[in-house]
Amino acid sequence: MTPPPLLRVQDLSVRFRLRESIVQAVTGVSFDLLPGRLLALVGESGCGKSVLASALLGLLPGNAELRGRVRLRESAGPEASPDWLDLTAAGERTLSRRVRGHRVALVPQSAATALTPVRTARSQLAETIRVLRPGEGDTRGAADRLAERVGLRPADLDRYPHELSGGMAQRVVLALALTADPDVILADEPTSGLDRPLVERTVDMLRELADDGRAVLLITHDLAAAERVATDVAVMYASRIVEQGPAGEVFTDPWHPYTRGLLDATPARGFRPLPGHPPDLSALPAGCAFRPRCPRRDTCSGDPAPVPVAGRHLACASGPAEPVGEGDRRGAGRSAEPGHAGERGC
Ligand SMILES: Nc1ncnc2c1ncn2[C@@H]1O[C@H](COP(=O)(O)OP(=O)(O)OP(=O)(O)O)[C@@H](O)[C@H]1O
Ligand code: NI
């Protein structure tokens, strides 16, 4: 039986009011984060992934307008019970005292910039322990245990950030995020700038956290990393989630032409870049924002409203694209194959 979600996002939209324009950064996004599962949120730069993560934690700047609902499950009670904390209605005091770091932790993009250069890792971890676990009598022992949990030796904590390798710094920020044993972990591009083995080690650690019963959101450009560890995937394009479903299904049989395009652009599948550019979020078209780049544009009505299809969600008026055929699978790794997946179903 599927466990109830820990975090439920319903019809979330965020826009930024600027002097001369409005940036529509997130549009009608809905998803659940479930214990034991890792949802990878993928999409090109600027599509709204980080704004979405900030919105979940109430960290949007003053010029942001938010609509929709984000709720955190407080106990194992039914969804309609008061055991759900509405994060979109919660005040700053509740968010900072009960939610951020305590229940929902953010693993930031750059470990190097997240750490203060003039203090040892231990002093930063000790401070976080004092804030998030005020009853903890043995701060030093608690820091050592956190270090061991993320694969560091306690002695590593006595180093300054510049004395840590990229992988060690990444582990320190993970230890900081795990200080209060949060049950929801949001990791926003936690592997950017890391080499391949480190990318894999980092995402494997996130997957282990999910396997231990936490709910993990992994925001990444890195489709290979997402494919390695995700149980579920959401594909974002120009502020909307255009396709969402179990990772095994979405990666092997992508339905949205954008998902196909993203996958075709990966080295493992032939390095065929998706032509064109995403639209400016301050000038989004009324219908499907992917239309100008879509191989099915001539035959499609262009309505991007998301619809559930066979346990997956798809925002494409043309419906699921045909399965990628055997010929395409054999063609993966070659370029300019006839029957290129991105052009099928047109
Ligand atoms: N404070 C802000 N005011 C106005 N626009 C903003 C603000 N913050 C973000 N944006 C815009 O919102 C859009 C989405 O940005 P976001 O950082 O979420 O993209 P992203 O998908 O995380 O990209 P990347 O993969 O490069 O990190 C961008 O067009 C960005 O310029
Ligand atoms: Ni981002």
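At-a-glance table
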| item | result |
| --- | --- |
| Those residues of region 228-261 which are outside any strand (DSSP E or B) and either at positive phi or of a type in the set (S, T, N, Q) (or both), in sequence order | THR231, ALA238, SER239, THR252, THR259 |
| Region 180-204, residues that are away from ligand 1 (no atom under 16 Å from the Cβ) and surrounded by fewer than 22 Cβ atoms within 10 Å (Cβ to Cβ) | ALA180, ASP181, ASP183, ASP195, ARG196, PRO197, LEU198, GLU200, ARG201, ASP204 |
| Selected residue [closer than 24 Å to ARG214 by Cβ, within 16 Å of ligand 1 (Cβ to nearest atom) and modelled with pLDDT of 95 or more] from GLY101, GLY36, GLY43 | GLY43 |
| Some residue of region 270-281 being within 16 Å of ligand 1 (Cβ to nearest atom) and of a type in the set (Asp, Glu) | yes |
| Selection count where residues are under 14 Å from GLN124 (Cα atoms) and modelled with pLDDT under 90, scope region 171-201 | 0 |
| Filtered residue count, region 132-148, keeping only those that are surrounded by 14 or more Cβ atoms within 10 Å (Cβ to Cβ) and either modelled with pLDDT under 95 or part of a loop (DSSP other than H, G, I, E, B) (or both) | 2 |
| Residues that are away from ligand 2 (no atom under 16 Å from the Cβ) and either not aliphatic (A, V, I, L, M) or not assigned by TED's automatic domain parsing to the domain that holds LEU284 (or both), drawn from region 25-53 | THR27, GLY28, SER30, PHE31, ASP32, PRO35, GLY36, ARG37 |
| Residue tally, condition among the hydrophobic types (A, V, I, L, M, F, W, C) and more than 15 Å from GLU44 (Cα to Cα), over region 247-270 | 5 |
| Among (1) among the basic types (Lys, Arg); (2) part of a loop (DSSP other than H, G, I, E, B); (3) within 22 Å of VAL216 (Cβ to Cβ), the one test that ARG98 misses | (2) |
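The values are calculated or read from the model by the stated rules, or taken from the named source; none is laboratory data. Only a predicted model underlies this, so the values are computations on that prediction, with no experimental measurement involved. Ideal geometry is used to build each Cβ from the backbone, glycine not excepted, and the neighbour counts take in all protein chains shown.
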